[in-house]
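Input: a single structure, listed below in structure tokens.
The values are calculated or read from the model by the stated rules, or taken from the named source; none is laboratory data. Because the structure is a prediction, the values reported are computed rather than measured. When we count neighbours, we look across all protein chains shown, and the Cβ atoms used for this are built from the backbone with ideal geometry, even at glycine.
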Amino acid sequence: MSIISDSLKRIKPSPTIAVTQKARELRAAGKNVIGLGAGEPDFDTPDNIKRAAIKAIKKGDTKYTAVDGTPTLKKAIVSKFKRENKLKYSTDQITVGTGGKQVLYNTFMATLNKGDEVIIPAPFWVSYPDMVLLAGGKPKIVKCTEQEGFKLTPKKLKKAITKKTKWVIINSPSNPTGAGYSKREIQDLAKVLIKNEKTYILSDDIYEHVRYDNFNFFTIAQISKLKDRTLTMNGVSKSYAMTGWRIGYAAGPKDIIKAIGKIQSQSTSNPSSISQAAAVEALNGKQGFIKTRANAFKARRNFVVKSLNDIKGINCLNPNGAFYVFPSCKGLLNKKTKLKTDTDFVQKLLEKENVAVVQGSAFGLDGYFRISYATSMQNLKKAMKRIRSFCESLSR
Ligand code: PLP
């Protein structure tokens, strides 16, 4: 009999964390590896936020807090939703966790019974299906093609919904494609969802502030009649370059919020008191740097998309948010190159040119790979040169 539980056997370690770890190991072994696998801004947390944390420590805010967030942070989150999304919530509709990841995990743990289905549009963030599996649910993967801009269509959504569908996940802008849904596209999905009264919507808005080209961000609770059935999740990791602080939050129906708090009360209790104080400053403090940083990301995106599209055999859409691109390598998977899958492609790329990217199949769509351009322009220039030389060597 194995000591490891059956539920754990259903899941695998995060492939994006695995790639980052592999790149770290190769670097430690003396290789000059460029890692384009990690999903975190390379910018530092702004100083005003750091100062708020230091002040909290000095003041003695170093004790347990309310399990699902301090009243002050909840108030800051309520203001954020009102200010940025025209959404009205009360503090008992807010929960705060140790990163958006914990909020999502707790949500599935709190709501899924065995066999309940969760519609996950692919390409998806790697953790969704495994979290659902761990909670005893059934991920229902709906593949969204490059021609569809990697976005869920109302037709595919309608077809995927069954009596057992408990949640539909919408992630815009998306990890791993960077694709953002327009107001119209969200409203068209809402038209399908409004008719399916037992289905809830999980809107993962973690990349809300990383967007370009005047892309207008909308979240489904704001522009539909589905607010009562929507959990709107967000966090400070990506917007405020605070991945290590571990603060994520969600707003939604009181019964779900209470249930999430119940799990948290028996697992981790409150997220770090100091990080919560920092998150208050992030949400209430000056916001100007968000735009400046988005502009820096935009310059990198422009460079990466152009460089990739200049390579024979690679095709890359121009996304309007997040810090990822999801190019196709299908043009290079053939007998001549001796590469069969995207995994072959990324492994050979790492082996030959020391560039770490993640295979598309890890995100539920074969024939692609994900590049995170949240790294310096200097690194990106080197990486694009290496990717180009690798692809050209394959065709020779
Ligand atoms: N959702 C998506 C789509 C993500 O890419 C991530 C992080 O990579 C998260 C949620 C969770 O972020 P965090 O736990 O840092 O708040």
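Figures for the structure shown
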quantity: Residue match in region 101-113 (condition: modelled with pLDDT under 95, more than 13 Å from the ligand (Cβ to nearest atom) and part of a loop (DSSP other than H, G, I, E, B)); calculated: no
quantity: Lone unmet requirement of (1) within 21 Å of the chain's Cα centre (by Cα); (2) part of a helix (DSSP H, G or I); (3) surrounded by fewer than 21 Cβ atoms within 10 Å (Cβ to Cβ) for ALA279; calculated: (3)
quantity: Of all residues making up region 22-48, the number that are over 23 Å from THR177 (Cβ atoms) and either at pLDDT below 85 or part of a helix (DSSP H, G or I) (or both); calculated: 7
quantity: Candidates ASP366, ASP342, filtered to the one that is among the charged types (D, E, K, R), in contact with a Ser or Thr (Cβ under 6 Å, 6 or more places away or on another chain) and outside the structural domain of MET131 (by TED's automatic domain parsing); calculated: ASP342
quantity: Members of region 299-324 that are more than 22 Å from LEU394 (Cα to Cα) and crowded, with 16+ Cβ neighbours inside 10 Å; calculated: ARG300, ARG301, LEU317, PRO319, ASN320, GLY321, ALA322, PHE323, TYR324
quantity: Residue in region 72-100 that is nearest to the chain's Cα centre (by Cα), counting only those that are more than 15 Å from ALA251 (Cβ to Cβ) and assigned to a helix (DSSP H, G or I); calculated: GLY99
quantity: Whichever residue in region 204-255 is more than 11 Å from the ligand (Cβ to nearest atom) and part of a strand (DSSP E or B) and, among such residues, is surrounded by the most Cβ atoms within 10 Å (Cβ to Cβ); calculated: ALA251
quantity: All helices (runs of 4 or more DSSP H) inside region 288-396 with 3 or more residues being in contact with a Pro (Cβ under 8 Å, 6 or more places away or on another chain) and touching a residue at least 60 places away in the same chain (Cβ under 8 Å); calculated: 288-309
quantity: Test for GLY149: is it closer than 24 Å to ILE17 by Cα, in contact (Cβ under 8 Å) with a residue 24 or more places away in the chain, outside any strand (DSSP E or B) and not acidic (Asp, Glu); calculated: no
quantity: Residue in region 301-321 that is outside the structural domain of LYS151 (by TED's automatic domain parsing) and over 25 Å from GLU148 (Cβ atoms) present; calculated: yes
quantity: Residue ID - surrounded by the fewest Cβ atoms within 10 Å (Cβ to Cβ), chosen from residues in region 102-142 that are over 19 Å from TYR200 (Cβ atoms) and touching a Gly at 6+ places or on another chain (Cβ under 7 Å); calculated: ALA122
quantity: Residue satisfying condition, being under 20 Å from the mean Cα position of the chain (by Cα), under 22 Å from LYS238 (Cβ atoms) and acidic (Asp, Glu), within set GLU185, GLU148; calculated: GLU185
quantity: Residue within region 25-47 that is out of contact with any strand residue (DSSP E or B) (no Cβ under 6 Å at 6 or more places or on another chain), free of Cβ contacts under 8 Å to residues at least 24 places away in the same chain and surrounded by 15 or more Cβ atoms within 10 Å (Cβ to Cβ) present; calculated: yes
quantity: Flag for VAL126 being within 14 Å of the ligand (Cβ to nearest atom), hydrophobic (A, V, I, L, M, F, W, C) and closer than 23 Å to TYR324 by Cα; calculated: yes
